[in-house]
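Readers should treat all values here as calculations from the given coordinates under stated rules, not as data from a laboratory. The structure presented is a predicted model; accordingly, all values stated were derived computationally and were not measured. Glycine gets a Cβ as well: all are built from the backbone with ideal geometry, and neighbour counts include every protein chain shown.
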Amino acid sequence: MSKILVIDDSSTIRKMVQYSLQPKGHTMVLAEDGVDGFEKLEEEEEGFDVIILDINMPRMDGLEFLKKLKQTPAYSSIPVIILTTEGQNADKDKAFKLGAKAYFVKPFKPNELLYGIEKILKG
């Protein structure tokens, strides 16, 4: 169906996202922070349809990753969904200004995340 890059420093969240989306036919590639996420982007020749991104991570946080992604022509068109514990409006505003397409606060409902992905993929 689609290929999704999941970037989160929590292995539990990565697995939850994977278990929620894989049965629906999505293929997942998992990364533990923004640096690892960019490495996965560069390794994947076919590219990704969607990126699910946490904000609070070591080495490169989600907002840094999003900014760098949108400044990189090869990746700038990949839609990004934020999935984070940060529910403050300031964080949401910053993420949307940097180009995020959707914003979910943990704990998340798998059906809502799936709906968000499908909505983004349909354009």
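For Phe104 and Ser77, the difference between the fully extended length at 0.36 nm per residue and the C-alpha to C-alpha distance is 7.7 nm.
The loop-placed trypsin sites (Lys or Arg not before Pro) in region 4-107, going by DSSP, that have at most 15 neighbouring Cβ atoms within 10 Å of their Cβ come out as Arg59. Rg and Dmax over the alpha-carbon atoms of region 4-123 stand at 12.8, 36 Å. When Val105, Val29 are arranged by Cβ crowding within 10 Å, least crowded first, meaning fewest neighbours, the order is Val105, Val29.
With a Förster radius of 22 Å applied to the beta-carbon distance between Glu112 and Ser10, the computed FRET efficiency rounds to 0.75.
Stretching the chain fully between Lys119 and Asn56 yields a gain of 20.2 nm (0.36 nm per residue, less the alpha carbon separation).
Couplings for region 50-65, taken from phi via the Karplus curve 6.51 cos²θ - 1.76 cosθ + 1.60 with θ = phi - 60°, read 8, 10, 9, 10, 7, 8, 7, 8, x, 6, 9, 6, x, 5, 5, 4 Hz in order; Gly and Pro are left as x.
In terms of its C-alpha gyration tensor, region 66-109 comes out prolate, because a/c is 1.5 or above and the ratio a/b outweighs b/c.
With R₀ set to 35 Å, the beta-carbon distance separating Glu45 from Asn89 gives a calculated FRET efficiency near 0.35.
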